[in-house]
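The values are calculated or read from the model by the stated rules, or taken from the named source; none is laboratory data. Note that the coordinates shown come from a computational prediction; the quantities given were computed from them, not determined experimentally. Note that we place each Cβ from the backbone using ideal geometry, even for glycine, and neighbour counts take in every protein chain shown.
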Amino acid sequence: MAARKKQVADPVAQLEQQLAQVKTQLIKARAQEEANAQKVVTAANKEVAKASAKVKSARTKLAAARKKKTPAAAKQAEAAKAALNVARAAESGAKAAQADAKQKLTEIKASNKLAAEHAKATAKAEAAMAKVQQAAARKEAAKAKAAAKKAAAKAKVKARKEAARARAAAKKAAAKAKAKAKKVAARTKAAAKKANAKTSTTRKKKATAKKTTAKKATTKKATAKKTTAKKATAKKATAKKATAKKRTAKKASAKRGRPASKTTA
């Protein structure tokens, strides 16, 4: 099926193939024609040789008959002469056939030689044309190869540019994402730091308040203790003063000779 489609699609190639086959058949037919003509010439040569031998034999017989001096010799000579004439006529016919055969063979050889020279010249011209066509095909192939190479190089450069652009875009996007992440991290860190500072401030305030409260409580306790101690000391001093006063009064009463009066503390 594929071969059929190829034949239908390329009729010129099919005709060229048929022409080559016909040329081959023609060469074989010419060679066969020349061989047959050579055979005819060979057969004609044999016939001429036979006819010449008969003429020679008839001449010999005529000469022998003419040498005889008998009454029958004249008749024999006449018969020999007639036979010689027949042999000569046969020889002439054979030679004419030979000449025709040779002429035909010469014509066939000349025609075949001319055809061979023509075929040789045609083959030479076709070879030259094929050489030119091959050179043109090589040139076209070289051009196509160069164009393909140029296109490949162009595509490669384009691909490199696209890859460079893609890398640059990816790098830019990565840098942007990194910067964004850095900003987010900085914001988060700042927020955490702020929260930590706030927590620390709160803790410090609480600690300060606690310390202040504790200090106040300690101060209060110390003040209360001091006040209590002061009060106790004052009380003791007052009691001591009262006791001393009592003693003094007692002593004075004793000196005066009257009893000392009771003093209420």
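Numbers for the structure displayed
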item	result
Residue selected from the range 84-121 under the condition basic (Lys, Arg) and either farther than 12 Å from residue 48 by Cα or in contact with a Leu (Cβ under 9 Å, 6 or more places away or on another chain) (or both), by the criterion modelled with the lowest pLDDT	120
Single match in 41, 22 (criterion: under 30 Å from residue 113 (Cα atoms) and exposed (fewer than 15 other Cβ atoms within 10 Å of the Cβ))	22
Residue in the range 122-132 that is over 26 Å from residue 30 (Cβ atoms) and either among the aliphatic types (A, V, I, L, M) or loosely packed, with under 12 Cβ neighbours inside 10 Å (or both) present	yes
Residue among 89, 74 that alone is under 28 Å from residue 46 (Cα atoms) and either in a helix (DSSP H, G or I) or touching a His at 6+ places or on another chain (Cβ under 8 Å) (or both)	89
